[in-house]
Amino acid sequence: MTAHASAFRLQNLRRWPAVCGILLLGGAVIAAAAWQGPALSRAWLVAFGVWSCVPVGSMMLLLIHSLTGGRWGEESATILRPSAALTSVVAIAFLPILVNFGQLYPRAHAASSLAQDVAQRYLNGQGYAFRAALALCGWWILGTTFALGKMRPLLAGLGLAFYGAMISLVAVDWYLSLEPRYVASAFPATIAIQQLAAALAFVAVFAAPSLDESVASDIGALLLAALLGVVYLEFMTYLVAWYGDLPDKAAWYLKRSSFVWTAIIVLAFVLGAVLPFCILLLRKGRRSRHGLQSAGALVLFGSTLHFDWLLVPAFEDQVNVVVVGTGALAILSVGSMLVGSALIPEASHVRS
């Protein structure tokens, strides 16, 4: 009886973080949806872009592991599965962006005939909402299914194909179309690999203490590959734009060439790419718990700066967006970690 009562109390104690996290996230979503100020809407979009990388990237890693196998996925399941389950929260956190669509995207008030034609036929509010709902609901189903351990290779393959199609659409809808005259064919792939890198970095930070050297080395190698993918695609996009010498592409980069934004992207490159690369390139660094955690934390920091550099210059009130966005990102991160902390003990008993 005593043991049963202790287990019941422990289960109730594990529910409290989830309740607090749900209340925090729910209050933040309601406030962001109800507030009509453009600064909060823009800041929420930036915070959403940074924060959603980990849940969506964790879902992708579960799908990949279901097809490829490997100890790295089994040992990191206690982190990946609760994170992937938060794809449901990603869908809910998108609601303020949908509500404030008109404040975020200049195409909603397009003036030129070409922009009006494109906006009416594709980049309109109805199409935007439909594509977002399709992507988010699909990711919600996939994330929840694989978080519960119901992994099937066929479903994983179909899920990856679905993800590839959806990220090609919503990356343009949500982020690239903030400046509708700029186009970059590699942009969706950059966002996808950024999500993978963020999820692997999250695993590196929180799972490293429980990993043996072999598995830690595998996680470090995967993180190194994802990190190289982001840097390569970003550099090639810039190189192609520079060779093309087109006014719209030049204008996009000129907005990001001020002293502040140049300093931010250089800081993101040095701290979020070069330093983790040096740590992970060494076998000893990948196998070290502190080395893997340090590399993961630096990649997460660099991912945040990278998203700031990509999105914030599109807005006029940049300082307000950065300040409010930092607060929104903190609320989303703390709330989701509180929810995830209640799921981790349960997920630790689930094995594929």
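The values are calculated or read from the model by the stated rules, or taken from the named source; none is laboratory data. All values reported here derive from a predicted model rather than from experimental measurement. Quick reminder, even Gly has a Cβ in these numbers, built from the backbone with ideal geometry, and neighbours come from all protein chains shown. Just the protein is used for accessible areas: all its heavy atoms, side chains included, with ligands, DNA and RNA removed. Shrake-Rupley method; radii C 1.70, N 1.55, O 1.52, S 1.80 Å.
Among the residues of this structure, Ser177 does not count as one that is within 23 Å of Ile97 (Cβ to Cβ), without any contact (Cβ under 8 Å) to a residue 40 or more places away in the chain and polar (S, T, N, Q). Of everything in region 122-140, what is surrounded by 15 or more Cβ atoms within 10 Å (Cβ to Cβ) and under 20 Å from Leu160 (Cα atoms)? Give them in sequence order. The answer is Arg131, Ala132, Leu134, Ala135, Leu136, Gly138, Trp139, Trp140. Take the residues in region 228-259 that are open to solvent by 90 Å² or more (accessible area, probe 1.4 Å) and under 30 Å from Ser294 (Cβ atoms); name whichever of them is farthest from the chain's Cα centre (by Cα). So, considering only residues that are open to solvent by 90 Å² or more (accessible area, probe 1.4 Å) and under 30 Å from Ser294 (Cβ atoms), the one farthest from the chain's Cα centre (by Cα) is Phe259. The set of residues in region 284-308 being open to solvent by 40 Å² or more (accessible area, probe 1.4 Å), farther than 11 Å from Ala201 by Cβ and under 13 Å from the mean Cα position of the chain (by Cα) is empty. When Ala207 is tested against (1) open to solvent by less than 20 Å² (accessible area, probe 1.4 Å); (2) within 17 Å of the chain's Cα centre (by Cα); (3) not basic (Lys, Arg), exactly one condition is not met: (2).
Listed by first and then second residue, the pairs with beta-carbon distance under 7 Å, at least 6 apart or on different chains, first residue in region 292-320 and of a type in the set (Ser, Thr, Tyr), second in a helix (DSSP H, G or I), are Ser294/Ile279; Ser303/Val50; Ser303/Cys53; Ser303/Gln194; Ser303/Ala197; Ser303/Ala198; Ser303/Gly272; Thr304/Val50.
Give me the residue from region 15-69 that is among the β-branched types (Val, Ile, Thr) and open to solvent by less than 10 Å² (accessible area, probe 1.4 Å) and, out of that set, farthest from Val90 (Cα to Cα).
The first filter runs over region 15-69 and keeps only residues among the β-branched types (Val, Ile, Thr), leaving 19, 22, 29-30, 46, 50, 54, 56, 64, 68.
Subset that is open to solvent by less than 10 Å² (accessible area, probe 1.4 Å): 46, 56.
Details: Val46: 13, Val56: 8 Å.
My answer is Val46.
Would you confirm, using the coordinates I've provided, whether Val183 is touching a residue at least 24 places away in the same chain (Cβ under 8 Å) and either buried (at least 19 other Cβ atoms within 10 Å of the Cβ) or within 21 Å of Val274 (Cα to Cα) (or both)? Give the derivation first.
Numbers: touching a residue at least 24 places away in the same chain (Cβ under 8 Å): yes; either buried (at least 19 other Cβ atoms within 10 Å of the Cβ) or within 21 Å of Val274 (Cα to Cα) (or both): no.
Against the criterion (touching a residue at least 24 places away in the same chain (Cβ under 8 Å) and either buried (at least 19 other Cβ atoms within 10 Å of the Cβ) or within 21 Å of Val274 (Cα to Cα) (or both)), Val183 does not qualify.
For the condition touching a Phe, Trp or Tyr at 6+ places or on another chain (Cβ under 9 Å) and either part of a helix (DSSP H, G or I) or among the acidic types (Asp, Glu) (or both), what is the one hit in Leu200, Leu142, Leu169? Write out each step before concluding.
Details: Leu200 fails: touching a Phe, Trp or Tyr at 6+ places or on another chain (Cβ under 9 Å); Leu169 fails: touching a Phe, Trp or Tyr at 6+ places or on another chain (Cβ under 9 Å).
Selected residue: Leu142, the only one of Leu200, Leu142, Leu169 that is touching a Phe, Trp or Tyr at 6+ places or on another chain (Cβ under 9 Å) and either part of a helix (DSSP H, G or I) or among the acidic types (Asp, Glu) (or both).
Given the criteria crowded, with 19+ Cβ neighbours inside 10 Å, in contact with a Leu (Cβ under 6 Å, 6 or more places away or on another chain) and either closer than 27 Å to Leu310 by Cα or small (Gly, Ala, Ser) (or both), does Ile279 qualify?
Values: crowded, with 19+ Cβ neighbours inside 10 Å: yes; in contact with a Leu (Cβ under 6 Å, 6 or more places away or on another chain): no; either closer than 27 Å to Leu310 by Cα or small (Gly, Ala, Ser) (or both): yes.
No: the conditions fail for Ile279.
Considering region 233-352, the qualifying helices (runs of 4 or more DSSP H), each wholly inside and each with 3 or more residues that are polar (S, T, N, Q), run over 289-311, 318-347.
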